[in-house]
Every structure is written in structure tokens, then in C-alpha cells.
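Q: Shown below is the structure under consideration.
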Amino acid sequence: MYQSEFQATAGLELGYIVNERLLVTAEAGFAASDASLTLSGLYRGYTAESAIEGYVPGEYVSLGINYRFENGATLGLEVGHYLFECEDQWGSVNGELSTDATVVSLELGFQF
């Protein structure tokens, strides 16, 4: 299980204006998170659980679409995929340890 209370991103977003009301965007960049990762396993009746915490760097990509209505209201949808590589930051990890997440966000707004 991956859990984070703080995450910062830095990236580049490119957009294409399809028409006067529709905008399509693509974004990619780097992410930093204060992660808490809980690992649990079961093997032939034996269970084990471990938790590690700390700074975890990662990367992300996202695609979005924004629509502006005639009254100025806007509606946006964005789907982002985040990948965090944990083994570089936690010395107690042997082998490969990574986690990923897909985040869907809905945005409501008003444009003046």
C-alpha cells in the first residue's frame, strides 16, 4: 500500500486548441512525494509486513481535456499516471521496488 500526504510536481504542459471551446492538453514531468509504503506478503502459511517511509522521487504523464460553455463555466477532465522508484532512496531495500498510481481528476471552474 502506498500513501502520501504531500506531493510536488514540476513538468511541461502542452495544449492544442481544437476550437474556441475545446482545449486538449498533455503533460509530463517529475514528482516528489513523502511516501509511506507498507509491504505485506504471504508464503506457505507465513505472513510478513513491513513499513518504510521517506522521500521518493518519481515521474508522471497526464492527458486532459477542457471545455468552456457559453456562460463562461468550464469543465475539465485529467488522467495522470505516476511512477515512483523507491529502491534508490531506501537503503534497506534489496532489489527493485516501485509503485505506480493512476489519478483521475475532474475540474469545475468559471472563466471571465
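The values are calculated or read from the model by the stated rules, or taken from the named source; none is laboratory data. Note that this is a predicted model, so its numbers are computed, not measured. Here the Cβ positions follow ideal geometry from the backbone for every residue, glycine too, while neighbour counts run over all protein chains shown. What goes into the accessible areas is simple: the full protein's heavy atoms, side chains included, and nothing from ligands, DNA or RNA. Shrake-Rupley method; radii C 1.70, N 1.55, O 1.52, S 1.80 Å.
Q: Could you grab me the full set of residues in the range 61-73 that are assigned to a strand (DSSP E or B) and open to solvent by less than 30 Å² (accessible area, probe 1.4 Å)?
A: Ser62, Gly64, Ala73
Q: Can you find, within the range 36-48, the residue that is modelled with the lowest pLDDT among those that are hydroxyl-bearing (Ser, Thr, Tyr) and surrounded by 11 or more Cβ atoms within 10 Å (Cβ to Cβ)?
A: Selected residue: Thr38.
Q: If you don't mind, another one. In this structure, does Ala51 turn out to be at pLDDT below 85, more than 12 Å from the chain's Cα centre (by Cα) and assigned to a strand (DSSP E or B)?
A: For Ala51, the condition - at pLDDT below 85, more than 12 Å from the chain's Cα centre (by Cα) and assigned to a strand (DSSP E or B) - is met.
Conditions (1) modelled with pLDDT of 75 or more; (2) open to solvent by 50 Å² or more (accessible area, probe 1.4 Å); (3) on the phi > 0 side of the Ramachandran plot, marked per residue:
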site: Asp34; (1), (2), (3): yes, yes, no
site: Glu59; (1), (2), (3): yes, yes, no
site: Leu77; (1), (2), (3): yes, yes, no
site: Tyr82; (1), (2), (3): yes, no, no
site: Asn94; (1), (2), (3): no, yes, no
site: Phe110; (1), (2), (3): yes, yes, no
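Q: In the range 1-32, which residue that is at pLDDT 95 or above and charged (D, E, K, R) is nearest to Val61 (Cα to Cα)?
A: Glu27
Q: Restricted to the range 19-46, and to residues that are more than 23 Å from the chain's Cα centre (by Cα) and in a strand (DSSP E or B), which residue is nearest to Glu70 (Cα to Cα)?
A: Checked the range 19-46; the qualifying residue nearest to Glu70 (Cα to Cα) is Leu22.
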